[in-house]
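Quick notes on the structure that follows.
The numbers here are math on the coordinates, done by the rules we state, and not lab data. Everything quoted here is computed from the prediction, not taken from an experiment. FYI the Cβ positions are ideal-geometry reconstructions off the backbone, even for glycines, and counts take in every protein chain you see.
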């Protein structure tokens with residue numbers, strides 16, 4: 001299966017998981033010159049930027065291992081672009097990772113912060 005198609009499947013599963021917990025979809029696959037954010041949702045007046053990763057095995061590490069400093073920087077800069085475009089500068093935001101290791105869903109909250117990547 002093509003990687004983009006596989007990514008779409010797991011992004012859909014992640015979104016269904018979040019929506020079942022009361023999160024509201026704002027945007028999927030937001031792109032900027034810095035990169036892409038898979039899912040943007042909102043709950044309790046918090047905007048959450050969600051990265052989704054799939055691993056069929058842990059030979060090369062887990063999903064969270066794939067979000068290195070370089071990837072964090074790209075996600076952070078893309079989120080800042082979204083915040084600027086949507087005039088959300090005074091809003092509370094959070095960065096989450098939903099990873100699928102095989103079919104097991106792992107939800108890590110507050111995983112990416114500007115302070116962690118040199119901002």
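For the pair residue 109 and residue 28, how long in nm is the line joining their label points, each one 7 Å along Cα→Cβ?
Taking the two extended label points, one gets 2.4 nm.
How far is it, in nm, from the label point at residue 84 to the one at residue 8 when both lie 7 Å from their Cα along the line to the Cβ?
Between residue 84 and residue 8, the simple spin-label model gives 3.1 nm.
When a footprinting reagent is the concern and you count Cβ atoms within 10 Å, what order do 41, 111 take, fewest first?
111, 41
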